[in-house]
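Encoded as structure tokens, the structure appears first; notes follow it.
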There are 4 protein chains.
Amino acid sequence: MSARRVVLAYSGGLDTSVAIPWLAERGWDVIAVAVDVGQPGDLHEAVGRALQLGASDSRLVDARADFVDRFVLPALQMNALYQGRYPLVSALSRPLISQVLVQVARETGASAVAHGCTGKGNDQVRFEVALGALAPDLEVLAPVRDWGMGRDDTIAYALERDLPIRTTKSSPYSIDENVWGRSIECGVLEDPWAAPPEDVYEITQDPRSASLAGREIELHFEAGVPTALEGESLEALHLIEAVGKIAGSFGFGRIDLVEDRLVGIKSREVYEAPGALSLIAAHQDLENLTLERAYLLEKRKLETTWTRIVYEGLWFSPLREAIDAFVSSSSDAVTGDVRLRLGPGSCSPVGRRSPHALYDHALATYDEGDSFRHEDAAGFVKLWGLPTKQWAKSRV
Amino acid sequence: MSARRVVLAYSGGLDTSVAIPWLAERGWDVIAVAVDVGQPGDLHEAVGRALQLGASDSRLVDARADFVDRFVLPALQMNALYQGRYPLVSALSRPLISQVLVQVARETGASAVAHGCTGKGNDQVRFEVALGALAPDLEVLAPVRDWGMGRDDTIAYALERDLPIRTTKSSPYSIDENVWGRSIECGVLEDPWAAPPEDVYEITQDPRSASLAGREIELHFEAGVPTALEGESLEALHLIEAVGKIAGSFGFGRIDLVEDRLVGIKSREVYEAPGALSLIAAHQDLENLTLERAYLLEKRKLETTWTRIVYEGLWFSPLREAIDAFVSSSSDAVTGDVRLRLGPGSCSPVGRRSPHALYDHALATYDEGDSFRHEDAAGFVKLWGLPTKQWAKSRV
Amino acid sequence: MSARRVVLAYSGGLDTSVAIPWLAERGWDVIAVAVDVGQPGDLHEAVGRALQLGASDSRLVDARADFVDRFVLPALQMNALYQGRYPLVSALSRPLISQVLVQVARETGASAVAHGCTGKGNDQVRFEVALGALAPDLEVLAPVRDWGMGRDDTIAYALERDLPIRTTKSSPYSIDENVWGRSIECGVLEDPWAAPPEDVYEITQDPRSASLAGREIELHFEAGVPTALEGESLEALHLIEAVGKIAGSFGFGRIDLVEDRLVGIKSREVYEAPGALSLIAAHQDLENLTLERAYLLEKRKLETTWTRIVYEGLWFSPLREAIDAFVSSSSDAVTGDVRLRLGPGSCSPVGRRSPHALYDHALATYDEGDSFRHEDAAGFVKLWGLPTKQWAKSRV
Amino acid sequence: MSARRVVLAYSGGLDTSVAIPWLAERGWDVIAVAVDVGQPGDLHEAVGRALQLGASDSRLVDARADFVDRFVLPALQMNALYQGRYPLVSALSRPLISQVLVQVARETGASAVAHGCTGKGNDQVRFEVALGALAPDLEVLAPVRDWGMGRDDTIAYALERDLPIRTTKSSPYSIDENVWGRSIECGVLEDPWAAPPEDVYEITQDPRSASLAGREIELHFEAGVPTALEGESLEALHLIEAVGKIAGSFGFGRIDLVEDRLVGIKSREVYEAPGALSLIAAHQDLENLTLERAYLLEKRKLETTWTRIVYEGLWFSPLREAIDAFVSSSSDAVTGDVRLRLGPGSCSPVGRRSPHALYDHALATYDEGDSFRHEDAAGFVKLWGLPTKQWAKSRV
């Protein structure tokens, strides 16, 4: 193990770019690792730049398929929406990136890993808890949290050293993106009363210029996993991208939320997640058709718990694994088709069918052929209401 | 108390109209009571018809304001959406109608009350549990559940007796409507794969013919109650109607759901609730800004419980009252403004502000003026992750 | 399938004995099945008597090992105590007996199964829900619920027909017993203010005549299953019996409870479960040492749910299976030893150890060698209290 | 406001005694406040000593009645037992002491408050969160956490300065005690496998020398509050003390627990709480008789939440207040009598009665006079089991 070698989670952005010389100046041998989880931009070029910035080694890891299989699809099966709205986009990639960092640290004999998060966000927690669970022996560095430089200081630092950093289009926003969606923070968005300007959105079109006629799409699920779009079988990664593109073209999937961060503050967050929100709507709808009532009720509660702990960085925890086991025990029933209707800014299920449907027309219909014994209901109602009736009597 | 006098919850529809002669033929003196909770149609005319059908007395009770104050507004404060979708429209009116029935029974010395529900729906439960809690001494009759006639038999019964019943526009659907929304069942909707045809909708326009440009509306809340629209103070009843009209004109508020009924079956339900869904979206958003994290987390769980038990007929239960007390203890903080953006089939909050906002710009910002101590985070993260780390170590 | 053959759950007691001729008189070919789940009494003799009573066939099934493995041990892993007190004794045997009934029905081509429960207890629900899940095609008969005879009528019925029924020691109590405990109802116990008389107890000695000196016992668990007592390996069945005998000799394990039955009434129940309560105390204590905090917190909640649904008859439900899966995902950690101290009427853990202990002396100690960084705490506390502080500020 | 005046929570023990000169040496004007919450020892003498130690002012506040009314009785109504075992003894006094500190700070114009907790316990969190909520403007000092001295260092510090500190009987344990119980930590107890030696206990007698015959006591509750013992009306404070004395004389109320601390570690804790555990057993039993089933089920869940957040320092939080409001809405029903049977190390309810009892003999009995309609049960069971049956059918 090399006492002063560190594996840095490198995005190619300002902060992690500056972190390379900053760490190197403090005597670290820096290995920069960029993990492809579906973000845009030229990662190859960024990886090349890391060497110029002073990294001794620089790697690009394509983790998209792994990300989808082990993080995104479980989140879909949980209908994971933090505060009922946010599909955990960044919260899902952090544990995966942590795993990659640890793997590279093991291969290269590094004694430390580093991330570029500040001290007031959730991501520092997600990285550090994951790293603590995966490799309690590795030191964790958080240069951006430690150096105490604001954005202007950081740029000045880069200019001083003439670092090859792209600050061409100085976006006022802080962005994170992957296969499952995109988050936008800072700038004017820090005023929760101000509506997000149209320029914050990249992967959803303005709904005011979308097709009013709308369209329907049909999705097929096998055991909770989407496997076909419009009858065509697709790998999950491509299906998610395809659904995202369609839904995004209708301006569906925008989220504007006052969010409770784990570190104790409220922040205003804006997201785009057209694919995630469409697929969750469809998946949840199919569950309503195929899962038993009492199980479903408890699953909905555990979804909230799962989502919260993943948001809070506890991916590698026994509770997350246990809730996954709970869900796996019935997920094979979630097989069938859902038809979604998309319009400008909207997406709703309008039809669903399944070989495992618990909907029984003979029981549900009010027509002839009704097989429900109405006289059973009288007894049911009587006993159902008995505790309330006894309570009411005792209050007189 | 008159041994054979019954107070009937009378809607003017086929079933409760036929119930009048059916009960009278069985020796009951029938008092028909129509309760106005915001449904459409000429209730005065219906009440007149009840006498022709054989009722000894017939009354119209305007309960709209009471309905809004004691049932709808509490449901709004709970963001009550059964299965995350259905705003409890009918489930809210049943306990109120039960109260009116009991009141009239007390005034007229009746020994029984009657409702027109079948044996497989939720409404029988809601009526009977409410009545058992309010007046355990009164007998409860459920003629429609007992007589075992299908729809055709009922019509034949009416024709035989030449009853003055309106069957002009024989709708294939079974409808219930009030201030808070409208439910549609039966007919083609019993196939959950078939998309609801456009003709089931009455209070929402086809979103495909709505204005693509959309519009924004601003709502003001005081202690969780909406009190002004676009700056104009309105009584809650009128505000709900006004918001419903605007949102309905955009085709927003349609719900298509496979629902778990209390009596143990799954059914396919279609609803329209443009006002309810808009107001809940706004209210929930304002709560995110003004309520403390741990409280909010627990409130969200109790919302699910409240909604389920009200759906299941337990309005007059100590649990419902207790959850109301839980919510009342913080609801004064839910004061402020929310701006909603409406488009075809869509409605989203895009801004919110409050004198009680817990959002603190100085804590949340990444700019200068940041008052959050980043070094606190390092200690926090370490202890936060400690249990997971210990667990991981013990698994090696 | 024989149209008029029924398989009866036969206990040898008054009700199910009378049920044989009662069913036979109504044209049924009755097969009596006694299932040994650890109850006392001569089941061989009882099975012989069934033929005299008119059964065409009569069987004894020794299901004790199966009962322990598939029902009792899972209940132990759930620390299952309904209302925090009752270890589900009868609720665990009903689904197993139902399975045996269905199996015999399949072997003998019977078209129906029958149980001897009344209409106001929980056991009818447990039998009928289990049977509906296991064999929805079989008719379920409930002769005792249907015949409407009180105890005196039943005895008169037996005397009239000169049935070979034992009413020698006419106990005023209604008893159910199995490996996991014993329940006692009726008679003077129906007054919840009256203390249970000493004569209701059979498997626990009067604590007032127990050894004041007490004793300690040491239990070993492997993956949540007790496998050794005082260092000696034992099959679970024998270990449970042995622990029950020791704890019972101290008068430990008596339960006196006002219980909420599923059918909507409160009843007063008395139980003895010395083995169950001792083992649950030990198991729970070992979990506190070996399971991670957040997981444990959620497990405790799910224990309550599991216990309630099993009490309410939903053993063969997807929710029960899912909670089992949740628990299985971490149960291998629950390995180690617990020392229990028994005294008159009391039993408490006084020591526990495990190779998987999450207790870390270096972290927990206040002595030298403390490895906990106290300075981390300051940051933790600050962020932990931040939401409350913001709330307090906003209330001024 | 005096810039360098601090109000110290002073117990008279080693740490807070040493804290006085330590703070004074750092330029603070120290006001020592001892809060009487029912701990033993001569507080007057201790308060006098504080002046000798260098405090400029020293006060004794008798907060016992306030402690019982505002903290202990609410905890009793919640049946508050952390991890099902620990009645929150210290967790209840910390918020009250914080209130007293703030009050004295306001009176004396102090700019800071101080507590004597270390960095690895729960009490630092309870103090600092409470203080942050009550007085966000006051600085909070934690000298013991900051100075980094171990026990030996602290003693050396005292000897060097010749401080008037009592170290006569150098107890190996760390103790906290109040009206509601007593906690013992450290020394041999840090080995969770070692049974607690008899010398750790002060307020419970060795059960092996208690009266084998036992005794019964009768408690009366009004609206959840204990108001009489053996028919004699008593103030809550005196009743708690009297019950504690009786139960303690039987050796009942000892707790030995591996506990999950908020700061992320497991610790082994020993407590004595004879009064608390007896009263909670009685209160809970009376609730089972008087509270409605669905409400009770939810209350039991919220009890766990309330207990956890109070343990975790969130007394002054909107969630705690909201749960109190939930409970208050039904607590008036919890009125009546409970008879407890005490024996060596044991305490169990054996009888309970109430004017608000929901137990209805006519419904519960199996005798004549049974008013429960058994035929209602058949319909109830059928619908209750329907979802499970449909699920089972769909799995074939």
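Within the stretch B:186-206, the residues that satisfy the criterion of being open to solvent by 60 Å² or more (accessible area, probe 1.4 Å), in contact (Cβ under 8 Å) with a residue 12 or more places away in the chain and of a type in the set (D, E, K, R) are B:D191, B:E202. The set of residues in the stretch D:354-365 that are open to solvent by 10 Å² or more (accessible area, probe 1.4 Å) and of a type in the set (S, T, N, Q) contains only D:S354. Within the span defined as the stretch D:336-356, one or more residues are more than 7 Å from every other protein chain (Cβ to nearest Cβ) and either modelled with pLDDT under 95 or within 24 Å of C:L262 (Cα to Cα) (or both). Looking across the stretch D:77-111, the residues that are open to solvent by 10 Å² or more (accessible area, probe 1.4 Å), within 14 Å of chain C (Cβ to nearest Cβ) and either small (G, A, S) or under 22 Å from D:A142 (Cβ atoms) (or both) come down to D:G84, D:R94, D:Q99, D:V102.
May I ask you to list the residues in the stretch C:243-254 that are over 23 Å from D:G251 (Cα atoms) and either open to solvent by less than 30 Å² (accessible area, probe 1.4 Å) or touching a His at 6+ places or on another chain (Cβ under 9 Å) (or both)?
Applying the first criterion (over 23 Å from D:G251 (Cα atoms)) to the stretch C:243-254 yields C:243-245.
Residues satisfying the conditions are C:V243, C:G244.
Being aliphatic (A, V, I, L, M), within 14 Å of another protein chain (Cβ to nearest Cβ), open to solvent by 30 Å² or more (accessible area, probe 1.4 Å) and in contact with a strand residue (DSSP E or B) (Cβ under 7 Å, 6 or more places away or on another chain): is that true of B:I175 here? Yes; evaluated as a whole, the condition is true for this residue.
In the stretch B:207-217, what count of residues is obtained for those that are among the hydrophobic types (A, V, I, L, M, F, W, C) and surrounded by 21 or more Cβ atoms within 10 Å (Cβ to Cβ)?
Narrowing the stretch B:207-217 to residues among the hydrophobic types (A, V, I, L, M, F, W, C): B:210, B:212-213, B:217.
From what is left, the residues that are surrounded by 21 or more Cβ atoms within 10 Å (Cβ to Cβ) are B:210.
Residues flagged as among the hydrophobic types (A, V, I, L, M, F, W, C) and surrounded by 21 or more Cβ atoms within 10 Å (Cβ to Cβ) within the stretch B:207-217 amount to 1.
Right, C:V270: out of contact with any strand residue (DSSP E or B) (no Cβ under 6 Å at 6 or more places or on another chain), over 30 Å from D:K266 (Cα atoms) and touching a residue at least 24 places away in the same chain (Cβ under 8 Å) or not? So C:V270 fails the test. Of everything listed in (1) within 14 Å of chain B (Cβ to nearest Cβ); (2) buried (at least 19 other Cβ atoms within 10 Å of the Cβ); (3) not small (G, A, S), the single unmet condition for D:L279 is (1).
Here A:L60 meets each of (1) touching a helix residue (DSSP H, G or I) at 6+ places or on another chain (Cβ under 6 Å); (2) closer than 21 Å to A:N122 by Cβ with one exception, condition (2).
Considering every residue within the stretch B:40-62, establish whether at least one is among the aliphatic types (A, V, I, L, M), under 16 Å from the mean Cα position of the chain (by Cα), outside the structural domain of B:G181 (by TED's automatic domain parsing) and within 27 Å of B:E202 (Cβ to Cβ).
Keep residues of the stretch B:40-62 that are among the aliphatic types (A, V, I, L, M), which gives B:43, B:46-47, B:50-51, B:53, B:55, B:60-61.
Add one more test, that the residue is under 16 Å from the mean Cα position of the chain (by Cα), and what stays is none.
No, the stretch B:40-62 has no match at all.
Taken over the stretch D:118-132, the criterion of being open to solvent by less than 20 Å² (accessible area, probe 1.4 Å) and in contact (Cβ under 8 Å) with a residue 24 or more places away in the chain is satisfied by D:G119, D:K120, D:G121, D:N122, D:V125, D:R126, D:F127, D:V129, D:A130, D:L131. A count restricted to the stretch B:357-394 and to residues that are within 30 Å of C:A357 (Cβ to Cβ), of a type in the set (K, R) and at the interface with chain C (Cβ under 8 Å from one of its Cβ atoms) stands at 1.
Yes or no, residue by residue, for (1) buried (at least 21 other Cβ atoms within 10 Å of the Cβ); (2) in contact with a Ser or Thr (Cβ under 8 Å, 6 or more places away or on another chain); (3) closer than 30 Å to A:R145 by Cα:
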{"position": "B:W315", "(1), (2), (3)": "yes, no, no"}
{"position": "B:S328", "(1), (2), (3)": "no, no, no"}
{"position": "B:D337", "(1), (2), (3)": "no, yes, no"}
{"position": "B:R341", "(1), (2), (3)": "no, yes, no"}
{"position": "B:S346", "(1), (2), (3)": "yes, yes, no"}
{"position": "B:R352", "(1), (2), (3)": "yes, no, no"}
{"position": "B:D370", "(1), (2), (3)": "no, no, yes"}
{"position": "B:L383", "(1), (2), (3)": "yes, no, yes"}
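Going through (1) over 18 Å from C:Y86 (Cα atoms); (2) facing another protein chain (nearest Cβ under 9 Å); (3) among the hydrophobic types (A, V, I, L, M, F, W, C) one by one, C:L229 falls short only on (2). Taking the conditions (1) out of contact with any strand residue (DSSP E or B) (no Cβ under 8 Å at 6 or more places or on another chain); (2) more than 10 Å from every other protein chain (Cβ to nearest Cβ) in turn, A:G181 satisfies each one other than (1). Which residue is least open to solvent (accessible area, probe 1.4 Å), if the candidates are limited to the stretch A:290-307 and must be within 13 Å of chain D (Cβ to nearest Cβ) and in contact with a Gly (Cβ under 8 Å, 6 or more places away or on another chain)? Selected residue: A:T290. Total residues in the stretch D:357-396 satisfying the condition of being modelled with pLDDT of 85 or more, within 28 Å of C:L131 (Cβ to Cβ) and hydroxyl-bearing (S, T, Y): the figure is 2.
Tell me the residue from D:A34, D:A91, D:A9 that is in contact with a His (Cβ under 7 Å, 6 or more places away or on another chain) and closer than 19 Å to D:I175 by Cα, please.
Working: D:A34 fails: in contact with a His (Cβ under 7 Å, 6 or more places away or on another chain); D:A91 fails: in contact with a His (Cβ under 7 Å, 6 or more places away or on another chain).
Answer to the check: D:A9.
Here A:I203 clears all of (1) in contact with a helix residue (DSSP H, G or I) (Cβ under 7 Å, 6 or more places away or on another chain); (2) modelled with pLDDT under 95 except the condition numbered (2). Residues in the stretch B:227-239: is at least one open to solvent by less than 20 Å² (accessible area, probe 1.4 Å) and in a strand (DSSP E or B)? Yes, the stretch B:227-239 contains a residue that is open to solvent by less than 20 Å² (accessible area, probe 1.4 Å) and in a strand (DSSP E or B).
For the stretch D:25-71, a residue qualifies if it is within 21 Å of D:E160 (Cβ to Cβ) and open to solvent by less than 30 Å² (accessible area, probe 1.4 Å), and the qualifying residues are D:W28, D:V30, D:A32, D:R49, D:A50, D:L53, D:A55. If I filter the stretch A:17-24 for residues that are closer than 22 Å to A:I155 by Cα, open to solvent by 50 Å² or more (accessible area, probe 1.4 Å) and not aliphatic (A, V, I, L, M), do I get at least one hit? Scanning the stretch A:17-24 turns up no residue that is closer than 22 Å to A:I155 by Cα, open to solvent by 50 Å² or more (accessible area, probe 1.4 Å) and not aliphatic (A, V, I, L, M).
Considering the conditions (1) more than 14 Å from chain B (Cβ to nearest Cβ); (2) in contact with a helix residue (DSSP H, G or I) (Cβ under 6 Å, 6 or more places away or on another chain); (3) crowded, with 19+ Cβ neighbours inside 10 Å; (4) not charged (D, E, K, R), D:H220 is excluded by exactly one of them, (2).
Restricting attention to the stretch B:1-59, the residues that are free of Cβ contacts under 8 Å to residues at least 60 places away in the same chain, acidic (D, E) and not in a strand (DSSP E or B) total 3. C:A322 passes every criterion in (1) away from chain B (no Cβ under 14 Å); (2) touching a Ser or Thr at 6+ places or on another chain (Cβ under 6 Å); (3) open to solvent by 10 Å² or more (accessible area, probe 1.4 Å) apart from (3).
The values are calculated or read from the model by the stated rules, or taken from the named source; none is laboratory data. Predicted model only: the values in this text are computed from it and were never measured. In this analysis, Cβ positions are derived from the backbone assuming ideal geometry, glycine residues included, and neighbour counts consider all displayed protein chains. Heads up: the accessible areas ignore ligands, DNA and RNA and are worked out on the full protein's heavy atoms, side chains in. Shrake-Rupley method; radii C 1.70, N 1.55, O 1.52, S 1.80 Å.
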